[in-house]
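Nothing in this text is a laboratory measurement; each read-out follows from the coordinates by a stated rule. Keep in mind that this is a model prediction, so the values were computed, not measured. Glycine also receives a Cβ, built like all others from the backbone with ideal geometry; neighbour counts cover every protein chain displayed.
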Amino acid sequence: MKILTHKLTVTTALVSTLMFAAVTAHAQPQAEVLHYWTSGGEAKAVQALKEDFEANGGKWIDAPVAGGGGDAQAAVLRSRVLSGNPPAAVQIKGPNIHEWAATGALGDLNAVGAAEGWDNVLPPLLQDIVKYDGKYVAVPVNIHRVDWIWANPEVLAKVDAEPPRTWDEFNAIADKLLAAGITPLAHGGQPWQDATIFETVALGLGGAEFFNKAFVEKDPETLKSDTMKKVFDQMRKMRGYVDADFPGRDWNLATGMVMRGEAAMQIMGDWAKGEFVAAGKKPGVDFLCLSTPSNGGYILNSDSFAMFKVTSADDNAGQELLARLILGEKFQETFNLYKGSIPARMGVATDKFDECAVKSMIDLQASSESGELVGSVAHEIAAAGAIRGAVLDVVTEHFNSDMTSEAAVERLAEAIELAE
Ligand code: GAL
């Protein structure tokens with residue numbers, strides 16, 4: 001059976017490659033690209049993709065939707081698809097890729113994947129994200145780490161602070177900063193940003209097994225556990241460490257506060273490093289990248305581009321070109337140096353990557369071996385859609401009220417159960 005299937009499969013792949021080549025040979029590659037990369041570092045990274053695409057004969061049609069975290073972009077995507085006018089390429093992540101693939105809305109990138117040997121250059125955990133029914137339906141562009149503290153060394157020195165190894169040490173530093181009249185935590189009051197902090201605390205206090213039991217298996221006992229109460233206790237403390245103007249602030253403006261020394265630290269994924277780098281700041285000198293306190297944990301986020309089914313040969317040619325370029329070795333280096341992430345592609349030269357990126361690479365390897373590697377909830381890897389929504393709703397309600405931790409765990413378990 002396997003042999004037959006294999007032979008059949010080979011012929012089909014060959015035919016579609018040839019057809020793809022025939023169709024695209026005479027086409028003018030073009031692609032409308034829907035994304036939400038509008039901050040300083042993000043814009044530089046997506047500009048690199050645009051330039052690479054244009055340098056290879058493509059016509060780039062930019063469709064940015066401002067709003068970190070991507071919720072606004074997701075709403076635009078839904079309405080575009082519902083109105084029968086999907087963009088050719090869309091920045092997308094995690095289970096959302098499978099959800100769209102299940103609707104039949106995504107094109108098949110298997111021909112490009114086979115021609116480019118993606119199976120040999122993509123780690124299995126990313127292949128699982130971008131393959132549906134064994135076929136490539138999206139192409140990953142990076143690996144972002146979520147559980148980082150970005151700190152201003154000069155500000156920390158004002159209270160003789162050493163990088164915190166535990167959340168108790170983090171709180172002790174923050175209390176000293178408060179006493180010195182310094183804002184300990186630069187933060188933007190938006191649900192996805194609140195949830196970004198929340199998941200770093202959950203991993204730090206509970207570990208990967210607890211994290212996955214709560215947010216992947218959605219185990220009610222774990223959601224209502226004493227450990228989860230401690231997580232909300234820590235979130236209550238964090239609420240006391242932000243400035244009065246935090247509500248609604250965009251994440252990159254909070255990064256700017258750390259950059260200018262108006263606050264000591266920010267907890268955010270390494271897209272924040274893209275802001276520091278875009279401003280010419282040096283790691284270890286102008287800013288510090290510290291993993292949030294945990295037992296060797298690592299919270300993974302990964303951006304991909306999915307190609308929606310489109311009819312014109314020009315769009316198809318554009319999608320094929322874009323997919324090929326995104327996982328190209330050179331582009332993987334260029335893009336991720338701007339973006340603050342590390343390459344999705346294995347084997348990319350690391351000599352140009354800074355100490356934060358190298359730490360991310362080492363910690364990713366170590367955490368996948370130790371079992372402390374988890375997917376982000378706030379950034380739609382371990383959970384998406386309604387489950388993620390339930391976590392964001394309860395976490396942000398707790399952060400912006402005097403809700404007790406006891407009430408919060410009940411609300412969280414209830415909201416997740418309702419979302420299932
Ligand atoms: C994440 C996305 C990152 C970064 C961040 C802030 O969801 O995966 O690439 O852009 O939002 O907008």
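Each of SER341, SER401 has some number of other Cβ atoms within 10 Å of its Cβ, and from fewest to most they run SER401, SER341. Computed extension gain for LYS158 through ALA102, at 0.36 nm per residue and net of the alpha carbon distance, reaches 14.8 nm.
Among residues other than ARG239 with Cβ under 13 Å from its Cβ, the summed charge is -3 (Lys and Arg +1, Asp and Glu -1).
How many nm is it between the label spots at ALA43 and ALA244, if each spot is 7 Å from the Cα in line with the beta carbon? Distance between label points: 3.1 nm. Looking at the stretch 291-386, the trypsin sites (Lys or Arg not before Pro) that sit in a DSSP loop and have at most 11 other Cβ atoms within 10 Å of their own Cβ are LYS352. Applying 1/(1 + (r/R0)^6) with R0 = 51 Å to the Cβ-Cβ distance of ALA366 and SER79 gives a FRET efficiency near 0.75.
Given the pairs LYS273/LYS330; LYS230/LYS282; LYS230/LYS352; LYS44/LYS229; LYS44/LYS135, which are separated by over 29 angstrom at their Cα positions? In this structure, LYS230/LYS282; LYS230/LYS352; LYS44/LYS229; LYS44/LYS135 lie more than 29 Å apart at Cα. For the chain, what D do you get in µm² per second when you plug the Kirkwood radius from alpha-carbon pairs into Stokes-Einstein at 37 °C and 0.692 mPa s? Answer, rounded: 148 µm²/s. Over the chain, what is the relative contact order in whole percent, taking alpha-carbon pairs under 8 Å and six or more residues apart? Here the relative contact order equals 28 percent. Out of the stretch 105-140, which chymotrypsin sites (Phe, Trp or Tyr not before Pro) are coil in DSSP terms and have no more than 10 other C-beta atoms within 10 Å? Answer in residue order: no site qualifies.
Residues whose amide H comes within less than 5 Å of that of ALA263, counting only those at least five positions distant or on another chain, are VAL258 (H built at 1.01 Å from N in the peptide plane).
Once the C-beta distance of ASN56 and THR350 is scaled by a Förster radius of 25 Å, the resulting FRET efficiency is 0.50 to the nearest 0.05.
Could you identify which residue out of GLY113, GLY284, GLY68 has the top mean-square fluctuation in a GNM of the chain using Cα springs shorter than 10 Å? Highest fluctuation of the listed residues: GLY284. Counting neighbouring beta carbons within 10 Å and listing from fewest to most, the residues GLU209, GLU333 come out as GLU209, GLU333. Taking every alpha-carbon pair under 8 Å whose residues sit at least 6 apart, the stretch 190-281 reaches a relative contact order of 31 percent.
Close amide H pairs (under 5 Å, H built 1.01 Å from N) link ILE143 with ILE342, ALA344, residues at least 5 positions away or on another chain. For a paramagnetic label modelled on ARG165 (point 7 Å from Cα along Cα→Cβ), amide N atoms under 17 Å away belong, within the stretch 174-209, to 204-205.
Across the stretch 21-153, C-alpha contacts under 8 Å between residues 6 or more apart give a mean separation that, scaled by the residue count, equals a relative contact order of 22 percent.
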